Every structure is written in C-alpha cells, then in structure tokens.
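Asks: Quick one: the structure is below, questions incoming.
The values are calculated or read from the model by the stated rules, or taken from the named source; none is laboratory data. Because the structure is predicted, anything quoted here is derived from the model rather than measured. A quick note on method: Cβ atoms are made from the backbone with ideal geometry, for glycine too, and the neighbour counts reach across all protein chains shown.
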Amino acid sequence: MFDFAPTADADKATLYDDLLSAADALTAGERDAVANMANISALIWQFLPDLNWAGFYRMIDGELVLGPFQGKTACIRIALGKGVCGAAAASAETQLVEDVHAFPGHIACDAASASEIVVPVMKDGQVVAVLDLDSPSPARFNEADRAGLEALIARIGARLA
Ligand code: SME
C-alpha cells in the first residue's frame, strides 16, 4: 500500500516536487500505461487544489480517446486540433489557458471549468497522450504549473506509453 500526501500549506514548487517524487515511486517498475495513468490522475487530484478534472486522453488511430481520470464524466473522443486537448496534441506543446471561454473551440465537458492546462506526452517524437487539468477558478494555472507538470511528464512520460 502507498500512502502519499501533500504537505499542508506548501507552495507550488514544493507541491510539485513532492508530487513528482510520489509519481516516480508509484510508477517505477510498472509497465502498464493505463494503470500508471490511473494512479497519476489520482495523485494529481490528491496533491493539487482547486481542480474539477484531472486525467489523460490517449492518442489512438489519430484521435484523442478518454483515458483514466478523476472528476465528472467527460467527452470520449477529441479530434486532433479541436479544443485545448486537440491543440496540445496537434502542436506537441503545452496549452495554458487562463480563460477557457476565450479559447477558440474549447470543448466544455464540464460547464464549471474556467481555466485549463494540457501537457503532451511524447514517445519517439510522437504525441501518444495528453495530460489535462481543469479548474473552476479563472487563471488557476500559471508558469509554475507548466514547469511542474512538464517536469512530471519528462520524468515519468515513458511509463505512460
Ligand atoms: N476542455 C477540453 C476537453 C476535455 S475536458 O476538459 C475533460 C478541451 O477543450 O480540449
């Protein structure tokens, strides 16, 4: 059994350091990508405050398909280039969106979502999945979140593919 927990009142950098250590330990030695995505979604949900959705879409036959997540039920398939997730997958770059209502083509799976960050997961130069976090608060995510989540995916991304 694992018992990871965030430090109370930690700043963002500390939260991400702790999250990364826990994620690394939790996925070490496990080769099933879906199992690892499930546990990483749960860890993010536990460690990061003010989220209403956290999870993965996997690239399957050229479109994004819903993977393991925490939060309300979500759109199942997203075409490349559509919405924030599709933009991240098409560009292979993180999308940090302070106001989802101002993002052209944003897909509102949960009307409560106000801001969003999506980080691509790469393997052999190809996008194999995206990590998507939504928040009910506008501008919930900033450069510290981008750095923390990109570091997380850089560390464990190979275990998600
Ligand atoms: N809002 C996303 C769709 C996925 S849900 O937020 C879980 C988008 O525009 O790609």
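Asks: Within the stretch 17-30, identify whether any single residue is of a type in the set (Ser, Thr, Tyr), within 16 Å of the ligand (Cβ to nearest atom) and touching a residue at least 24 places away in the same chain (Cβ under 8 Å), and answer yes or no.
Replies: First, the residues of the stretch 17-30 that are of a type in the set (Ser, Thr, Tyr): 21, 27.
Within this subset, residues satisfying the condition of being within 16 Å of the ligand (Cβ to nearest atom) are none.
No, there is no match, as no residue in the stretch 17-30 is of a type in the set (Ser, Thr, Tyr), within 16 Å of the ligand (Cβ to nearest atom) and touching a residue at least 24 places away in the same chain (Cβ under 8 Å).
Asks: Which number in (1) over 21 Å from ARG31 (Cα atoms); (2) at pLDDT 95 or above marks the one condition that ARG58 misses?
Replies: Checking ARG58 against (1) over 21 Å from ARG31 (Cα atoms); (2) at pLDDT 95 or above, the one that fails is (1).
Asks: Of a type outside the set (Phe, Trp, Tyr), farther than 22 Å from ALA147 by Cα and part of a helix (DSSP H, G or I), is that true of VAL34?
Replies: yes
Asks: I'd like to verify a number: residues in the stretch 70-96 that are in contact (Cβ under 8 Å) with a residue 40 or more places away in the chain and either crowded, with 21+ Cβ neighbours inside 10 Å or over 16 Å from ASP134 (Cα atoms) (or both), how many?
Replies: Total meeting the criteria: 4.
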